[in-house]
Every structure is written in structure tokens, then in C-alpha cells.
Amino acid sequence: MKRFTDLIADTLVDIAEEFPWDIAEKINSSELRPLLLDIREADEFAAMHIQESLHVPRGILESACEYDYEETVRELVEARERDVVVICRSGNRSALAAYTMQLMGYQQVCSMKTGLRGWNDYELPLVDANGNTVPVDVADDFFTT
């Protein structure tokens with residue numbers, strides 16, 4: 001029997017990971033901004049997320065990546081050749097999602113190593129559901145409780 005940590009470890013050998021500061025640099029310097037795909041649950045996303053990230057919860061990811069489903073997300077379906085960064089709280093769920101997306105034909109997908117916890121540790125900006133900046137100390141509390 002495999003445990004959650006075993007699944008993550010198995011997946012990490014087959015996917016790319018990038019640190020938050022590298023992703024922030026890409027966002028600020030790329031002509032074509034990478035698609036930031038936040039796969040956390042709705043309440044997590046509403047509390048705080050990276051501005052302009054696309055929210056698709058992990059539970060519907062596979063059907064969101066395909067046409068003809070109720071959960072289809074056109075921007076995601078059409079991103080198979082685009083740079084996609086998958087984001088979660090700590091980098092574990094995003095690793096599994098990035099692996100799944102590779103299996104589904106996404107050619108330039110990576111997982112954000114350390115997740116939003118690492119993003120916040122580096123004091124990169126997060127916004128709430130209303131687009132207001134979330135203070136670093138508020139995010140610290142959110143990610144440690």
C-alpha cells in the first residue's frame with residue numbers, strides 16, 4: 001500500500017518543479033505570462049491567491065481539461081502547449097495535478113515547489129476574493145493554522 005507521501009515522491013521524479021521566486025520572475029518578465037492554475041478548494045482560493053490565477057479545484061481537474069463536460073474550462077483546455085504553473089498550498093497536490101496534466105498532453109506544465117506557503121514566505125503578493133492585498137502576517141497565520 002502506498003501512502004500520500006509515497007505518491008508525491010513517485011510523482012516528483014516525473015515532473016518539473018519551480019520555486020516561487022522563479023515563477024514571480026517569469027510572471028514579470030515573460031511576453032506570454034504563464035497560466036497560473038490554482039487547484040486548491042474554493043474556500044482556500046477565496047481567502048487568498050495569486051492575482052490573475054485561474055481557479056480549478058483538484059477534484060474536477062481532469063474534466064476541466066477536456067471539452068464536453070459541465071466543468072470544462074476553455075482556457076485550460078487550450079493551454080496544452082502553453083507554460084502552465086500548478087499551484088496549491090504546499091506543493092503536494094500541485095505535483096499530483098501536474099503529473100496528471102502531463103498524462104493528458106500538457107507539454108509545459110510544472111508544479112510550484114513549496115506552494116503558496118513558499119510564495120508568502122518570499123513575501124510575494126496575494127489577494128483575497130475581492131482583489132484586496134492580503135498582508136504577509138495574515139497569510140502566515142492562514143498557512144500555519
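The values are calculated or read from the model by the stated rules, or taken from the named source; none is laboratory data. Since the structure is predicted, the reported quantities are computational estimates derived from the model, not experimental observations. All Cβ positions, even for glycine, are placed from backbone atoms using ideal geometry, and neighbour counts span all protein chains on display. In case anyone asks, the SASA skips ligands and DNA or RNA and just uses the protein heavy atoms, side chains included. Shrake-Rupley method; radii C 1.70, N 1.55, O 1.52, S 1.80 Å.
The radius of gyration of the Cα set in segment 28-145, together with its Dmax, comes out at 13.9, 42 angstrom. Residues whose amide H comes within less than 5 Å of that of residue 83, counting only those at least five positions distant or on another chain, are 35 (H built at 1.01 Å from N in the peptide plane). Rounded to the nearest 20, the size of the Cβ-charge dipole of the chain about its Cα centre is 300 debye, with Lys and Arg at +1 and Asp and Glu at -1. Please give the calculated 222 nm ellipticity per residue for the chain, where each DSSP H segment of at least 4 residues contributes -39500 (n - 2.57) and the sum is spread over every residue; nearest 500 deg cm²/dmol? Helix contribution divided over all residues of the chain: -11000 deg cm²/dmol. Taking a Cβ cut-off of under 15 Å around residue 120, the surrounding Lys, Arg, Asp and Glu residues balance to a net charge of -4, with basic ones at +1 and acidic ones at -1.
Residue 32 sits with roughly 120 Å² accessible to a 1.4 Å probe, with DNA, RNA and ligands left out of the calculation. Computed over segment 63-122, relative contact order equals 31 percent, with contacts defined as Cα pairs under 8 Å that lie 6+ residues apart.
Take the alpha carbon atoms of segment 96-116, find their center, do the same for segment 10-76, and report the distance between the two centers in whole angstrom. What the calculation gives is 9 Å, centre to centre.
Across the options 126, 67, 4, the greatest Cα extent toward the positive end of the charge dipole of the chain (unit charges at beta carbon of Lys, Arg, Asp, Glu) belongs to 4. Taking all protein chains into account, the per residue accessible area for the chain stands at 55 Å² (1.4 Å probe).
Here's how it looks for residue 111: its modeled amide H is under 5 Å from those of 16, 17, 18, 86, which are all 5 or more places away or on a different chain.
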